[in-house]
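The values are calculated or read from the model by the stated rules, or taken from the named source; none is laboratory data. What you are looking at is a predicted structure, and each value in this text was computed from that prediction instead of being measured. No Cβ is skipped: glycine too gets one built from the backbone with ideal geometry, and neighbour counts run over all protein chains shown. Note: areas computed on protein heavy atoms with side chains; ligands, DNA, RNA excluded. Shrake-Rupley method; radii C 1.70, N 1.55, O 1.52, S 1.80 Å.
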Amino acid sequence: MRVISQVLRSLRNVKAIRSHSYACKETRLQLHSMLVGAGFGICISVTVAQMSAIDKRRKLNTSLYMAPPITNADHLLSTEDEMRTKMELLIMKIQADFCHVLEAEEYGGQKFKTDRWLRTEGGGGITCVLQDGEVFEKAGVNISVVTGHLPPDAVQQMRTRGKKLSEGKLPFFAAGVSAVIHPRNPMVPTIHFNYRYFEVENKDGSRQWWFGGGTDLTPYYLDEEDAIHFHKTLKDACDEHDILYYPKFKRWCDEYFRITHRNECRGIGGIFFDDLDSPSQEDAYKFISACAHAVIPSYLPLVRRHKNDDYGDRERQWQLLRRGRYVEFNLIYDRGTKFGLYTPGARYESILMSLPLTARWEYMHAPPKNSKEGKLIEVLQNPKNWVSLDPVSTS
């Protein structure tokens, strides 16, 4: 009986055959196991229909998420080995986990408002926003799972990045999670993260796929202990997959989040990457998952350490000025914001969720060089390494 049970369990591993072209509808899938030692044989024959019946008895536990998934739950269960499904389930879990730990830091029981929306063009998203909290003035955690056709200008832009895409409109699939947290206390830094998966189908049926994303920190007052902890947590997640990832993606982050017209970075960086399509799809997915799961341990200790720190009007006004810089980057330079705004059927409320509730601009403002604010500017203008790099990484 133990052998039979093992055979039946192994049968579940071949259910993916239903999605392949060579699995004809009338074909019976037969699994034969010969128990020679006992002098007898057992032939087990299971039809594809029987396996489908087993699937129908399973149910996706949607209570793990902030809202029901965008894709039909039964479809997700029947395609759980496909990357589209893996990514959708991952980002929904990351969203829910992050929202719940942030809610736990609030004193007054503030909760995220959850808004599940659909696109006429295909797909949709789940937008979660906590606003006017005691700890978080505005916190947004979004997921989107969208399908449709890329406009020709978007295709052309991707071709300039080396993507082998056909001319004209092309079908695409995109799934990602994105969050921006604007705390109330100026001593607590803002965090942003985004992890995404993209597929484009060429006219010949071939597909181009890649991953992208990153996590970065924007403090208002520099705390070196915080910076070291944040970067070390991200480096540890990267090193589990490739020790070259962190130094490469850290430099990329410093370059990407630079506010060119201000000659300074938006924050103290983190990691950022795009067009990741190696060493394999599964390996790239595991790396993305590791980075996404590193967000909470990289950020939550900073919130707990500083959310009760004392501050006055001077610190508050400086926070609002730095938020203005945040807005400038997002609206002028951020590639994700631009792509979202120009995508047909764009949901502007969700795209602009990253903007703070309040911000400030002052004409020709410059803090004294030796002030706490001036020390932050020095680091923003001259990014530094917060953790030591492996010798092989710098060669």
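Give me, ordered by chain and number, the residues 5 or more places off Phe136 or on other chains with an amide H under 5 Å from its own placed amide H.
Amide H neighbours of Phe136, under 5 Å, 5+ apart: Arg184.
When the scattering of the range 216-328 is computed by the Debye formula from its Cα atoms alone, each counted once and equally, what is log10 I(q)/I(0) at q = 0.16 Å⁻¹?
Relative scattering, expressed as log10 I(q)/I(0), comes to -0.83.
Could you give each residue of the range 239-255 its phi-based ³J(HN,Hα) in whole Hz, using Karplus coefficients 6.51, -1.76, 1.60 with θ = phi - 60°, and x for Gly or Pro?
4, 5, 10, 6, 5, 7, 5, 4, x, 5, 6, 5, 4, 4, 5, 4, 6
Could you do me a favour and compute the accessible area per residue for the range 322-374, 1.4 Å probe, result in Å²?
Numbers: 3180 Å² over 53 residues.
The answer is 60 Å² per residue.
For the range 149-212 and the range 309-362, compute the distance between their C-alpha centroids and round to whole Å.
20
May I ask you to compute the full-extension gain from Lys375 to Arg335, defined as 0.36 nm times their residue separation minus their alpha-carbon distance, rounded to one decimal in nm?
Working: separation 40, 0.36 × 40 = 14.40 nm, distance 2.88 nm.
Gain in length upon complete extension: 11.5 nm.
Once neighbouring chains are kept in place and the probe is 1.4 Å, which whole percent of the accessible area of the range 62-381 is contributed by carbon and sulfur? Display every interim value, and only then the final one.
Values: 7000 of 13880 Å².
The C+S portion of the solvent-accessible surface of the range 62-381 is 50 percent.
Describe numerically, in nm with one decimal, the distance between label points set 7 Å from Cα along Cα→Cβ at Glu80 and at Asn308.
The answer from the label model is 4.3 nm.
Please give the FRET efficiency for Arg251 paired with Lys59, using the beta carbon to beta carbon distance and R0 = 35 Å, rounded to the nearest 0.05.
Using R0 = 35 Å, I get an efficiency of 0.15.
Counting only heavy atoms of the protein chains, get the accessible area per residue of the range 146-279 (1.4 Å probe) and round it to a whole Å² value. Intermediate results must be reported in sequence, preceding the final value.
Numbers: 5120 Å² over 134 residues.
Heavy-atom SASA per residue in the range 146-279 reads 38 Å².
How much net charge surrounds Tyr65 when only other residues with a Cβ under 11 Å from its Cβ are counted (Lys, Arg +1; Asp, Glu -1)? Before the final figure, lay out each step's value.
Details: positive: Lys93, Arg116; negative: Glu88, Asp97.
Around Tyr65, the surrounding residues sum to 0.
Straight-line reach only, C-alpha to C-alpha below 21 angstrom: list the lysines that Lys307 could link to, leaving out same-chain residues fewer than 8 apart.
In chain and number order, the partners are Lys111, Lys138, Lys372.
Past 31 Å, Cα to Cα: identify those pairs from Lys203/Lys250; Lys113/Lys338; Lys286/Lys384; Lys59/Lys232, in the order given. Show your work: numbers first, answer last.
Values: Lys203/Lys250 36 Å; Lys113/Lys338 25 Å; Lys286/Lys384 28 Å; Lys59/Lys232 39 Å.
Going by Cα-Cα distance, Lys203/Lys250; Lys59/Lys232 fall outside the 31 Å limit.
Below 8 Å, C-alpha to C-alpha, sequence gap of six or more: please give me the relative contact order for the range 62-381 in percent. Intermediate values should be presented prior to the final figure.
Numbers: 551 pairs, mean separation 46.7, N = 320.
Over the range 62-381, the number comes to 15 percent.
If R0 is 35 Å, what FRET efficiency do you get for Ala366 and Asp277 from their C-beta distance, rounded to 0.05?
Numbers: r = 43 Å, r/R0 = 1.24.
According to the calculation, E is roughly 0.20.
Please state the Cα pair-distance histogram of the range 126-229 with 5 angstrom bins from zero: what percent is in each bin?
For the range 126-229, the pair-distance distribution reads 3, 11, 16, 16, 13, 11, 9, 9, 7, 3, 1.
Quick check: the distance between the Cα centres of the range 234-252 and the range 263-298, to the nearest angstrom?
8
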